[in-house]
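Novice: A single structure is presented below for examination.
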Amino acid sequence: MMRRRNILKWTVYALGVWFVAVLQGDPHLIPRVMGMAPLLIVPCVTAIAMQEGEIPGAVFGVLGGLVWDVGDGSVFGYNALFLLVVCVAAALLVQFLFRNTLAAEVLFTAIFTLIHGCVTWFFYVYMRGNVDFAHAFLCTILPTTAYTMLFSVPLYYLVRLARRKLTPAE
């Protein structure tokens, strides 16, 4: 019984990551704000890492990143590597410094989305010769971060609910 519930929990998490990736990739399911879409995979896998720890967080970070890479058409492994580091960092921060709260999830989502936007800008825009960081930061990175932070609240509670319902009692 306990093994079956664990398998069910990991399956629910995997399907949730896939569903969030579909929502993130489809331009018609979630409305754009200022032409920006939220990066839903970041708060989803961060919440899983915060709830489950660094090893499951790393696994779901890589899974979410690979699904994102396939759907986004970016360099294969770019988002997977980023989310691997982010999820391990989030899990370790919750384990040693922060409490597992909604405020921590929103903070981590904001920081990680800002870092992702800046790193992406550097590799995809600056390296190609465009150096207008202020415009990119104010018109793309900040709105995307704010919009993503809004979705971190329901995603955190959904992951927490799934963990409570599907984690077997010891």
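Novice: What is the mean projected area of the alpha carbon convex hull for the stretch 1-141, to one decimal in square nanometres?
Specialist: Taking a quarter of the hull surface, the average projection is 9.5 nm².
Novice: Where does helix 41-52 land angle-wise versus the long Cα axis of the chain, in degrees 0 to 90, nearest 10?
Specialist: 30
Novice: Would you mind pulling out the separation of the Cα centroids of the stretch 40-74 and the stretch 89-145, in Å?
Specialist: 15
Novice: When the chain is fully extended, how far beyond the present Cα-Cα distance does Y126 get from M34, taking 0.36 nm per residue of separation?
Specialist: Residue separation times 0.36 nm, minus the Cα-Cα distance, leaves 30.9 nm.
Novice: List the chymotrypsin sites (Phe, Trp or Tyr not before Pro) within the stretch 26-88 that fall in a DSSP loop (any state other than H, G, I, E or B) and whose Cβ has at most 14 other Cβ atoms within 10 Å.
Specialist: Sites meeting the loop and neighbour criteria: F76.
Novice: Using the crude model of +1 on Lys and Arg Cβ and -1 on Asp and Glu Cβ, and no other charge, please compute the dipole size for the chain relative to its Cα centre, in debye to 20.
Specialist: Once rounded to the nearest 20, the dipole reads 640 debye.
Novice: Here's something else I'd like to know. Whole number in Å², please: accessible area per residue of the chain, 1.4 Å probe, ligands, DNA and RNA not counted.
Specialist: 55
Novice: Kindly report, to the nearest 10 Å², the accessible surface of I55 as traced by a 1.4 Å probe over protein heavy atoms only.
Specialist: Roughly 120 Å² of I55 is accessible to a 1.4 Å probe.
Novice: Now a separate question. How much length is gained if the chain between V12 and L81 is pulled fully straight, taking 0.36 nm per residue apart and subtracting their Cα-Cα distance, in nm to one decimal?
Specialist: Full extension of this stretch gives 22.6 nm more.
Novice: Expressed as a whole percent, how much of the Cα-Cα distance distribution for the stretch 91-170 exceeds 16 Å?
Specialist: Roughly 62 percent, rounded to a whole number.
Novice: Same structure again: Pairs of Cα atoms under 8 Å, at least six residues apart: use those to get the relative contact order of the chain, whole percent.
Specialist: Rounded, it is 30 percent for the chain.
The values are calculated or read from the model by the stated rules, or taken from the named source; none is laboratory data. None of the values given here were measured: they were computed from a predicted structure. In this analysis, Cβ positions are derived from the backbone assuming ideal geometry, glycine residues included, and neighbour counts consider all displayed protein chains. Only protein heavy atoms, including side chains, enter the accessible area calculation; ligands, DNA and RNA are left aside. Shrake-Rupley method; radii C 1.70, N 1.55, O 1.52, S 1.80 Å.
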